[in-house]
Each structure stands twice: as structure tokens, then as C-alpha cells.
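A.B. asks: Let me give you the structure first, and then I'll get to my questions.
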Amino acid sequence: MFDFVANRRWFFRASGVVILIGLISMLYSFIAFGSPVRQGIEFTSGSMMTIRFEQQVEQTALREEMARLGHYETIIQRTGEGDYIVRTRELAKEERDPATGEVITPSERAQIEDALEARFGALTVLDFSSVTPTVSSETRDVATIAVAVASVAILLYVTWAFRKLVRSFRFGVCAVIALLHDVLVVLGIFSLLGVLFGMEINAMFVTGILTVIGYSVNDTIVVFDRVRENMTKGFGGPLDSVVNRSIIETLPRSLNTGLTTLFVLLALFLFGGSTIHSFVLVLLLGVIVGTYSSIGIASQLVVVWDRGGFGRFFRSIRRVVPRRATA
């Protein structure tokens, strides 16, 4: 029988390495792009369109044409299907005569489409979206509030659900730490993908993160609930033995649930189209990390806390800080 609890340092080290790489990537991204992760127009405002040309068009030529039209800030990416995602500042709408209703000035979108069609031939705009700075600011605020509210609600629920156990608050705190671990890992990976491949996060990313939080907590609750059952059934021994037994008993369920979910998400990622790739990728990463954290992080932190590991950690910090201050 593998002792997960006795090998908890390996889980902590693996998470530490992944999170450290993510933090380095987020720092680099912040310096290079002004944000820890590359943000889509839902967070930064602007206009974005997906264009499909009937003829072969070089990315350099498309960028040159956009610059000629006055859109020097345009970011152009090519999709796996050969289409182009063109992102630029917020495009102005058409102006009409208040009296007659006739169009005085065509919209910038129409001007861009006409100019591109005149140079490169027939094209189709597969998707178009535009977000104002006010809406993008509201989206960022709502996303932050949603994650904070979810974390507090989970903490209160887990504390209440395990109220019959001694120090039930610890289970709630460890569950929240595990879900924050999952969010940080996913953010780090997306930051790295943004640096290497230009991947951006959008509103669907926030939806995916909230889904990941729910999945992570659900998997963690399964392990915690088995810990509670084993403790109430009178299984003797220290907490680490009970936790290890509980992890082993719930491991088949966690792996089966994770694998079946992964198969569905993988099919969606491969055949679902580029518009949902980022959303499905968040869920793929979240299922993997959520299953891992319920086994290697959340339950292990309960054992560490029970053994006084958190207290020793903070006491060591208090000893180090005064020394540095004196030096």
C-alpha cells in the first residue's frame, strides 16, 4: 500500500516547481505585455474579427494593409484552420444623418472589410466582437469578485459540513488553499502559453476557472468525507494514517471520474473548433490539477497543520525577519 502522506513532500515540491515556473512566466508577461497573462478584448477593450480568405494571404501582407489603413496596433494571429484573428482598437460605428437617416461615414469595420477585399479578394468574416473600456473594466471586476465570493462560500460550507470533527475550520481552509493552488497553476500555464504562443484569456476563461473551482472542491470533499467517515467509525491511529487510508479508498473513484471527464473534454478540444479551445483547455488543465490537488495538496495540508507544520513555518519567518532588520 503506497503511503501518500509519508511522501507528501514530493507532491509539495512538484507543485512548487510548477507554480514557480508560472510565477516567472507571469512576471515576464507583466514586464513585456503589462499583464501577468495576455488578456483578450473582454478585459482590455477593442475589436476582434476572425477572417477567412478564399485565396492564400500572407500574414505580413495582411499586417501591412492594416497599417496602411491606420491600425498600426493591430495584432494578427493565424488559426489552425488557416483563418486570421485580427485584433485592433475599438472600431468606430457608422455615422448617419439625423434628418434623413442616410449613412454619412461607413463604420470602420465596413471600411476594413472593403479594403481587404479589394486587395486580397473575396473574404468572409466568421466572427466579430467589440468591447468598450467600461465593459472590459466591469468584466475584470466581476471576475475578481466571483472568485473571491466562491472561495469564501466554499470555506464556510466545508467548515459547516465537517462541524462534527475537531478543528473543522482547518478542512475548510485547506480546501480553499487547494483550489487557489489549482487556479494559480492554470494561470501560470496560460501565462506561459501566452508568452510562447500568444494565447489570450477571455470571458470564457473566467467561466472555465469557476468550473475548475467547483470540480476541485468536489473532488476534495470526497476525500475529506471519507476521512470523516473513517474517523467516526473508530479507525485508530494518528490523523496521517486515517488520511492515507481515505485517499487510497477514494483513489479509484477520483481517477475514474477524472479520466471519463478528460475523454469528453479531449474530444471537444480536438473537434470543437477554435472558438472554444481556450475554454476547453482550462477545463482539461483543471480536471488534471483538481484531481491531483485533492490527493496531493488538500488532504496533505490537513496533516501538516495537525502536526504543527504551519506554526513552525511562521515561527521560522518571525525569527528570520528580525535578523534581517538588525543586519
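The values are calculated or read from the model by the stated rules, or taken from the named source; none is laboratory data. Note that the coordinates shown come from a computational prediction; the quantities given were computed from them, not determined experimentally. As a convention, Cβ positions derive from the backbone with ideal geometry for all residues, glycine included, and neighbour counts pool all protein chains shown. With ligands, DNA and RNA removed, areas are computed over all heavy atoms of the protein, side chains included. Shrake-Rupley method; radii C 1.70, N 1.55, O 1.52, S 1.80 Å.
A.B. asks: What residue, of Thr291, Thr275, Thr257, Thr326, is hydroxyl-bearing (Ser, Thr, Tyr), crowded, with 16+ Cβ neighbours inside 10 Å and either out of contact with any Asp or Glu (no Cβ under 7 Å at 6 or more places or on another chain) or at pLDDT below 90 (or both)?
C.D. replies: Thr257
For every residue, the table says whether it meets (1) open to solvent by less than 60 Å² (accessible area, probe 1.4 Å); (2) modelled with pLDDT under 85.
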| site | (1), (2) |
| --- | --- |
| Arg167 | no, yes |
| Val173 | yes, no |
| Ser191 | yes, no |
| Gly198 | yes, yes |
| Ile201 | yes, yes |
| Gly214 | yes, yes |
| Phe224 | yes, no |
| Val227 | yes, no |
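A.B. asks: Can you find a residue in the stretch 26-35 that is buried (at least 19 other Cβ atoms within 10 Å of the Cβ), on the phi < 0 side of the Ramachandran plot and at pLDDT 90 or above?
C.D. replies: Yes, the stretch 26-35 contains at least one residue that is buried (at least 19 other Cβ atoms within 10 Å of the Cβ), on the phi < 0 side of the Ramachandran plot and at pLDDT 90 or above.
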